[in-house]
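Worksheet for the structure shown next.
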Amino acid sequence: MGVTYRRIVLKLSGEALMGDLQYGIDPEIVQNIAQEVANIVASGVQVAIVVGGGNIFRGIKGAAAGMDRATADYIGMIATVMNSMTLQDALERNGVPTRVQTAIAMQEVAEPYIRRRAIRHLEKGRVVIFGGGSGNPFFTTDTTAALRAAEIGADVLFKATKVDGVYDSDPRSNPNARRYNTLTYGHVLTQDLRVMDSTAISLCKDNNIPIIVFDLSVPGNISRAVMGEQIGTLVGGSCEVS
Ligand code: UDP
């Protein structure tokens, strides 16, 4: 297939691995994601993945329940490593060589994050999964995805979600909500559109990294996005509704 992007960062939320479950990981969903990633790797695309941890633990919820916020965030970061290892296992069962690199050292189960080494893995056709978030509390895995995309020189950041793009208002409560085909970073920030947190958007803006927001549950969407098909919403262009 004719690919548009050569090196991508795919951001998967923890909830994306959960499917219809209330908590944890749905093996069938993980297998589907692994199969889609295997397809794009086979077409020569270099793929790095940042996975969240919201299906297991969110620091902000722990803090709301009275925990120390930084401690709760570290627990959240560790949760992302479990998801990373699960994805690695699924990818390797689909024949894709994969390395997990963590921002919090856990050398018995994963490599430490080393930027140049990550790039080398990508060049060799290995998928690199960045676990452990950024290694810093008070951040998110969305921001981690933007940071790693900048560090490894990714062409694009794919934000795979449960909705088919970014709307000007909530489509669940407003039947006239309009979906954006493209959108500026500034508009996302000033209108406080829930694409990614503002730190992540700012990092992408400063480093000219386009973000494509799309629905992960539609089979083949990752491949479509890689081929440059217009799906979901592209952040990084002008404002245009569909
Ligand atoms: N987290 C953090 N620093 C980071 C990335 C993540 O402290 O750089 C913590 C934070 O507590 C967050 C949790 O890890 O709630 C899980 O990540 P996130 O909420 O981004 O996961 P997602 O919503 O994508 O599933």
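What size of dipole, in debye to the nearest 20, comes out for the stretch 17-156 about its Cα centre when the only charges are +1 on Lys and Arg C-beta atoms and -1 on Asp and Glu C-beta atoms?
Details: 12 positive and 14 negative charges, 92 e Å.
Once rounded to the nearest 20, the dipole reads 440 debye.
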#### Entry: Inter-label distance, nm, simple model (7 Å from Cα along the C-beta direction), VAL218/GLU15
1.9
### Task
May I have the extent of the alpha carbons of the chain along their three principal axes, as whole Å values ordered from largest to smallest?
51, 50, 35
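FRET efficiency for ASP170 and ARG117, Cβ-Cβ distance as r, R0 = 35 Å, nearest 0.05? Before the final figure, lay out the partial values.
Details: r = 42 Å, r/R0 = 1.21.
Between ASP170 and ARG117 the formula returns 0.25.
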### Query
Over the stretch 45-103, what relative contact order in percent results from Cα pairs under 8 Å that are six or more residues apart?
29
### Task
Note down the nm distance, to one decimal, between modelled labels 7 Å out along Cα→Cβ at LYS124 and at TYR23.
3.9
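Counting only protein chains, not ligands or nucleic acids, how are GLU240, GLU111 ordered by accessible area (probe 1.4 Å), most first?
Putting GLU240, GLU111 in descending order of accessible area: GLU240, GLU111.
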### Query
Taking a 1.4 Å probe, which of HIS187, HIS121 shows the most accessible area, and what order do the others take after it?
HIS187, HIS121
### Query
At a 1.4 Å probe radius, carbon and sulfur cover how many percent of the accessible area of the stretch 32-78?
56
#### Entry: Dipole moment magnitude, nearest 20 debye, the chain about Cα centre, only Lys, Arg, Asp, Glu C-beta charged
520
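Relative contact order for the chain using alpha-carbon pairs under 8 Å, separation at least 6, rounded to a whole percent? Each step should come with its number before you reach the end.
Values: 512 pairs, mean separation 53.7, N = 242.
RCO, the chain: 22 percent.
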### Message
For Cα pairs less than 8 Å apart in space and 6+ apart in sequence, what is the mean separation divided by the residue count of the stretch 167-208, i.e. the relative contact order in percent?
### Response
27
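Counting only heavy atoms of protein chains, what accessible area per residue, in Å², does the chain have with a probe of 1.4 Å? All intermediate terms of the calculation are to be shown ahead of the outcome.
Numbers: 11120 Å² over 242 residues.
That works out to 46 Å² per residue.
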### Message
Just want the answer: with Cβ charges of +1 for Lys and Arg and -1 for Asp and Glu, which residue in ALA149, GLY228, ALA38 is farthest toward the dipole's positive end in the chain?
### Response
ALA149
### Query
With each label point set 7 Å from Cα along the Cα-Cβ vector, what nm distance links GLN191 and ALA64?
2.6
### Message
Using a 7 Å offset from Cα along Cα-Cβ at THR199, what residues in the stretch 117-145 end up with backbone N under 20 Å from the label point?
### Response
130-145
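The values are calculated or read from the model by the stated rules, or taken from the named source; none is laboratory data. These figures come from a predicted structure and were not determined experimentally. Here Cβ is always computed from backbone atoms with ideal geometry, including for glycine, and neighbour counts include all displayed protein chains. Note: areas computed on protein heavy atoms with side chains; ligands, DNA, RNA excluded. Shrake-Rupley method; radii C 1.70, N 1.55, O 1.52, S 1.80 Å.
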